[in-house]
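Participant: Pasting a structure below so you can have a look.
Values in this text are rule-based calculations from the coordinates and carry no lab data. In this text the structure is predicted, and so the values were computed from the model without any measurement. Cβ sites come from the backbone with ideal geometry, for glycine too, and all protein chains shown count toward neighbours.
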Protein chains: 2
Amino acid sequence: MSDILNHASRAFYEHGFHGTTVRDIARRVGVTVPALYYHHENKEGILVAVLEAAIADLLPRGEAAVAEAGDDPVRQMANLVESIALHVTVRARLAALDSEYRYLSPGVRRGYAELRKRNEELMRSVIERGTEQGVFVVTDPAEATRALLGMLQAISRWYDESGPLTPAEVADRYVGLCLSALGAPTRAGRD
Amino acid sequence: MSDILNHASRAFYEHGFHGTTVRDIARRVGVTVPALYYHHENKEGILVAVLEAAIADLLPRGEAAVAEAGDDPVRQMANLVESIALHVTVRARLAALDSEYRYLSPGVRRGYAELRKRNEELMRSVIERGTEQGVFVVTDPAEATRALLGMLQAISRWYDESGPLTPAEVADRYVGLCLSALGAPTRAGRD
């Protein structure tokens, strides 16, 4: 992530989208406002770039995690949940900014909405596969996907890197919770 | 909830805490700024009052839902999840404001933090009881509580009252998901 986006993500986290000015961000980066406008059209453009950078960090890891798990949906789900839980703990501040999404105007949010949807579809396809094979017991895979992604997303709101749990420990617990929620054996098929 | 808090919650939802001014709120309510200051010390005081009103709506319903369920932890959990899911759908805008919590200064957030904690303890006590009785399979009840409350809280971010699902339908699905996540039989003990 660029220096601008890094500083902008801190500013947005601390003061929210509406509480942050382009001038604040420029000051943090140590550049002039016109220099900032050279890279990004406006404040909304900066927030979108931050959100897209966050999901661009998440999505390929999730895709790789699923691909590395072979054919077993339980293992695919375990790997995917682990990769998401690591993202929302290691990059908690960045992940928490997803809640600023609602302030984006419809035209601007489109690119980010696409990436978010790809992430949802990745999990939904795993849940659907597991449900077809009878290893998951799920009535509505789309709803279960939304619920589990919501649960994982919420970690970013309380996770504290100075707290007692490491990202790996959080990930391990959420893998268990998510597999249970899908009605799967929680320890089967884990690496 | 007072007229002031009702209008304030809309303003905070639309523009965030930092993007809302006391003048905006006064204009929406149709009163002068001094009149608003007569009721609330400042903008932070208004946000706290909104957040406290939201949880004051949630907590007694949850306590009653648990009390009405008799001795069975599965039924207690089902009732509690149902009452929370109804709250975050019927009052989605209000429930979504919980994410503005991080902007409160430590002294101001104390009262709200207390109420939030009571809500957590209510769920944790049910999960602990069910775990002791062997109907739930949970390693860490505090962690499971946080995860399930996070999952329920996240509903307020996507729920759309004009969408296909009624609050009761959402509640029903989340009762199933939460009981599964706790390793309980999902349909046993439901009313």
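Participant: Using Cβ contacts closer than 10 Å as the measure, can you line up A:14, A:161, A:143 from fewest to most?
Facilitator: So the ranking, lowest neighbour count to highest, is A:161, A:14, A:143.
Participant: Run the dipole for the protein assembly as shown about the Cα centre, Lys and Arg Cβ at +1, Asp and Glu Cβ at -1, nothing else charged, and hand back the magnitude in debye, nearest 20.
Facilitator: The dipole of the protein assembly as shown has a size of about 960 debye.
Participant: Cβ neighbours within 10 Å, averaged per peptide: list B:153-159, A:58-64, B:174-180, A:100-106 in order, most packed at the top.
Facilitator: So the order, starting with the most tightly packed, is B:174-180, B:153-159, A:58-64, A:100-106.
Participant: Taking K and R as +1 and D and E as -1, what net charge do the other residues with C-beta under 15 Å from the C-beta of residue A:47 add up to?
Facilitator: Residues close to residue A:47 contribute a combined charge of +1.
Participant: Points 7 angstrom from Cα along the Cβ direction at residue B:160 and residue A:113: gap in nanometres?
Facilitator: Using points 7 Å along Cα→Cβ, the separation is 0.8 nm.
Participant: Given the -39500 (n - 2.57) contribution per DSSP H run of 4+ residues, what per-residue ellipticity at 222 nm results for chain A, rounded to the nearest 500 deg cm²/dmol?
Facilitator: -24000 deg cm²/dmol, from helical runs alone.
Participant: Taking each residue of A:140-147 in turn, how many C-beta atoms of other protein chains fall within 10 Å of its C-beta, and what is the average?
Facilitator: 4
Participant: Say the dipole of chain B comes from +1 at the beta carbon of Lys and Arg and -1 at that of Asp and Glu; which of B:19, B:92, B:54 then lies farthest toward its positive end?
Facilitator: B:19
Participant: A further question follows. Mind listing the label-point distances from residue B:70 to the same position on all other copies, shortest first, one decimal in nm, points 7 Å along Cα→Cβ?
Facilitator: So the distances to the same position in the other copies read 4.6 nm.
Participant: Which distances, shortest first and in nm, link residue A:162 to the matching position in the other copies, using label points set 7 Å out along Cα to C-beta?
Facilitator: Taking the point 7 Å beyond Cα along Cα→Cβ, the inter-copy spacings are 4.6 nm.
Participant: In nm, give the distance between the simple-model label positions of residue B:27 and residue A:21, each being 7 Å from the Cα along the Cα-to-Cβ direction.
Facilitator: That separation, rounded to one decimal, is 1.9 nm.
Participant: In addition: Using a label position 7 Å from Cα in the Cα→Cβ direction, what is the ascending list of nm distances from residue A:115 to the same site in the other copies?
Facilitator: 3.6
Participant: Further, regarding this structure: Using the count of nearby Cβ atoms within 10 Å as a rough guide to exposure, how do A:87, B:15 rank from fewest to most?
Facilitator: Placing the least packed residue first, the sequence is B:15, A:87.
Participant: Still on this structure: What aspartates and glutamates could a cross-link reach from residue B:117, if we take a straight Cα to Cα line under 18 Å and drop same-chain neighbours fewer than 8 places away?
Facilitator: Partners found: A:160, B:52, B:57, B:63, B:98, B:100, B:128, B:140, B:143.
Participant: Right, something else. Spin-label point model (7 Å from Cα, Cβ direction): what's the residue A:71 to residue A:93 distance in nm?
Facilitator: 4.6
Participant: About its Cα centre, what dipole magnitude does the stretch B:1-134 give when the only charges are +1 on Lys and Arg Cβ and -1 on Asp and Glu Cβ, stated in debye to the nearest 20?
Facilitator: The calculation lands at about 560 debye.
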